[in-house]
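Data first, discussion second: the structure below is written as structure tokens.
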Amino acid sequence: MDTDVLVIGGGPGGSAVAAHLARRGHRVIVVERDVLPRPEGFGVLLTPRSLAALQQLELSDLESFHRVRHVRLTCDDRSTSTTWPSHPHFPPYAAVASRQVFDQSLIHAAVSEGATLLAGHEATDPIVERGFARGANVTSRDGRSFEVRASYTIVADGANSRFGRALGTYRKPTWPYAVAQRVTYRSPLHDASEVELMLDLRDRAGTPITGYGWMLPAGDGTVTVGVMMMSTSPSFRVVNPTHLLAQVIDDHRSRWHLDPEPINSGGGGRIPLGLSVGPSAGPTYLLVGDAVGAANPLSGAGIESALETGTIAAEVVDEALQSGSAAALQRYTRLLAERYGPFYKVGRLSNRVLGQPPMSPRIGRLVAKRRLAADAFVRLATNELRPGRAGIAELTYRIGHTATLIAPDA
Ligand SMILES: Cc1cc2nc3c(=O)[nH]c(=O)nc-3n(C[C@H](O)[C@H](O)[C@H](O)COP(=O)(O)OP(=O)(O)OC[C@H]3O[C@@H](n4cnc5c(N)ncnc54)[C@H](O)[C@@H]3O)c2cc1C
């Protein structure tokens with residue numbers, strides 16, 4: 001097969017690139033290892049940034065996702081509810097969607113724009129000629145192997161990114177990453193318009209863990225419970241995320257009226273953070289989403305950055321195809337640095353500071369007690385700082401930014 005653009009992976013990042021490029025009239029093939037739709041649906045949080053990127057894609061199912069207008073922050077016996085921040089570029093609410101429905105609707109958007117989807121097909125290794133990536137060898141579930149040759153390749157194969165590694169990418173080993181685990185229950189509170197974040201994770205010895213737990217009501221009869229643990233936590237290597245999740249469920253089950261048994265077996269994985277994987281561009285390929293480690297280093301949210309990096313990648317590949325010159329791809333790394341650079345640096349440094357034992361419970365208790373602190377915390381964690389404004393979140397960010405100037409390796 002022969003195409004303009006080959007996209008490896010049909011998750012949020014790959015689907016976003018494919019939809020944007022197919023809409024602009026380019027020939028796009030998406031290779032997705034899984035057979036779609038996937039069997040299990042977990043609720044995922046679509047932050048205001050994610051929703052803005054989905055509006056740009058004109059996703060038809062967007063209105064059907066369950067809107068959440070409030071965030072409850074809980075720490076020990078304290079709890080505050082706040083609204084999502086107002087921002088000139090993002091909606092003042094978030095949404096929760098079943099991951100199965102969300103992924104399906106995104107890939108459907110790409111196919112409706114004209115992209116070809118090869119689901120149940122794995123890209124096994126890149127085709128490299130004279131140092132240039134020219135597509136991939138692909139194997140179907142029934143064992144057929146063939147080549148897909150392309151002018152440009154988008155690596156959107158997620159956190160472990162085997163395809164990226166085959167092209168020479170690597171994750172900076174000293175930068176923070178996260179692990180997350182989740183499971184879904186039926187609950188009569190499934191249509192609550194509030195998500196809850198629990199900021200008081202502790203290991204069995206009572207040592208604070210940097211990260212948070214969450215309750216996501218999806219409006220479809222289910223609530224997904226999850227935990228996110230940052231690698232900067234003192235006991236990161238010895239805490240089992242499944243046990244941590246079980247602890248969170250025990251602590252919050254009765255308030256959320258969770259059924260005794262979950263409806264799925266749960267799942268989880270690693271999330272590389274803060275653009276920790278690179279190089280993000282080669283002469284004929286680009287990395288997007290988790291493949292480039294693009295998730296927000298403060299919150300671990302990776303869908304928004306998968307959609308956004310996918311949109312930026314589509315712009316430069318479009319330019320390369322229109323101009324007939326691959327030089328446009330070299331702008332990608334700079335565009336990522338402009339969009340995320342300073343904020344992600346502050347985020348990585350904050351992640352390390354929060355890993356110092358007294359810090360995360362102190363901040364957790366403060367934001368779960370004072371509404372103004374809660375507002376600032378949510379605005380900062382979701383990267384919704386307002387240009388030219390001097391609220392608590394923006395001032396805190398400026399202090400963090402000054403600190404990064406004397407911590408060059410942050
Ligand atoms: C437990 C957990 C909960 C999370 N919850 C949230 C949340 O609520 N909100 C949020 O914003 N983020 C959340 N995240 C992070 C988010 O899931 C990821 O950051 C996001 O999915 C990244 O999108 P992506 O397209 O880059 O990669 P992925 O979503 O991982 O998609 C990669 C795709 O590539 C396919 N693939 C891989 N290798 C190949 C190959 N060789 N050939 C063909 N196909 C291939 C995979 O099957 C997959 O479909 C969570 C993560 C975890 C682990």
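The values are calculated or read from the model by the stated rules, or taken from the named source; none is laboratory data. The shown structure was predicted, so the numbers you read here are calculated from the model rather than taken from an experiment. Cβ: placed from backbone, ideal geometry, glycine included. Neighbour counts: every protein chain shown. Protein only, heavy atoms only, side chains kept; ligands, DNA and RNA dropped before computing areas. Shrake-Rupley method; radii C 1.70, N 1.55, O 1.52, S 1.80 Å.
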Matching residues in segment 142-162 (within 10 Å of the ligand (Cβ to nearest atom) and touching a helix residue (DSSP H, G or I) at 6+ places or on another chain (Cβ under 8 Å)) number 6
If we keep only residues of segment 86-123 that are open to solvent by 30 Å² or more (accessible area, probe 1.4 Å) and part of a strand (DSSP E or B), then the residue nearest to HIS190 (Cα to Cα) is PHE90
All conditions in (1) basic (Lys, Arg); (2) away from the ligand (no atom under 13 Å from the Cβ); (3) open to solvent by less than 60 Å² (accessible area, probe 1.4 Å) are true of ARG78 except (3)
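Consider HIS257 carefully, then state whether it is within 24 Å of THR82 (Cβ to Cβ), at pLDDT 95 or above and not aromatic (Phe, Trp, Tyr).
Working: within 24 Å of THR82 (Cβ to Cβ): yes; at pLDDT 95 or above: yes; not aromatic (Phe, Trp, Tyr): yes.
It is true that HIS257 is within 24 Å of THR82 (Cβ to Cβ), at pLDDT 95 or above and not aromatic (Phe, Trp, Tyr).
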When segment 380-410 is checked residue by residue, the ones that are modelled with pLDDT of 90 or more, over 23 Å from the mean Cα position of the chain (by Cα) and among the β-branched types (Val, Ile, Thr) are ILE392, THR396, ILE399, THR402
- Message: Whether any residue in segment 16-29 is over 18 Å from the mean Cα position of the chain (by Cα), part of a strand (DSSP E or B) and either over 26 Å from ALA150 (Cβ atoms) or within 16 Å of the ligand (Cβ to nearest atom) (or both) is what I want to check.
- Response: yes
Scanning segment 222-270 residue by residue, the ones that are in a strand (DSSP E or B) and more than 20 Å from ILE303 (Cβ to Cβ) total 0
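Say whether the condition of being surrounded by 21 or more Cβ atoms within 10 Å (Cβ to Cβ) and within 14 Å of the ligand (Cβ to nearest atom) is met by at least one residue in segment 197-208.
Scanning segment 197-208, I find at least one residue that is surrounded by 21 or more Cβ atoms within 10 Å (Cβ to Cβ) and within 14 Å of the ligand (Cβ to nearest atom), so the answer is yes.
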Residues of segment 350-404 being among the charged types (D, E, K, R), within 21 Å of GLU304 (Cα to Cα) and part of a helix (DSSP H, G or I), in sequence order, are ASP375, ARG379, GLU394
Going through segment 271-291 in order, the residues found to be assigned to a strand (DSSP E or B), under 16 Å from GLY302 (Cβ atoms) and among the hydrophobic types (A, V, I, L, M, F, W, C) are ILE271, LEU273, VAL277, LEU287
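Against the definition (in contact with a helix residue (DSSP H, G or I) (Cβ under 7 Å, 6 or more places away or on another chain) and of a type in the set (S, T, N, Q)), how does THR242 come out, yes or no? I'd like the intermediate steps shown before the answer.
Details: in contact with a helix residue (DSSP H, G or I) (Cβ under 7 Å, 6 or more places away or on another chain): no; of a type in the set (S, T, N, Q): yes.
Against the criterion (in contact with a helix residue (DSSP H, G or I) (Cβ under 7 Å, 6 or more places away or on another chain) and of a type in the set (S, T, N, Q)), THR242 does not qualify.
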Residue set SER50, SER60; condition modelled with pLDDT under 95, not β-branched (Val, Ile, Thr) and not in a strand (DSSP E or B); output residue SER60
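Report yes if LEU275 is out of contact with any strand residue (DSSP E or B) (no Cβ under 8 Å at 6 or more places or on another chain) and either among the β-branched types (Val, Ile, Thr) or open to solvent by less than 40 Å² (accessible area, probe 1.4 Å) (or both), otherwise no.
Considered against the rule, which asks whether it is out of contact with any strand residue (DSSP E or B) (no Cβ under 8 Å at 6 or more places or on another chain) and either among the β-branched types (Val, Ile, Thr) or open to solvent by less than 40 Å² (accessible area, probe 1.4 Å) (or both), LEU275 comes out as yes.
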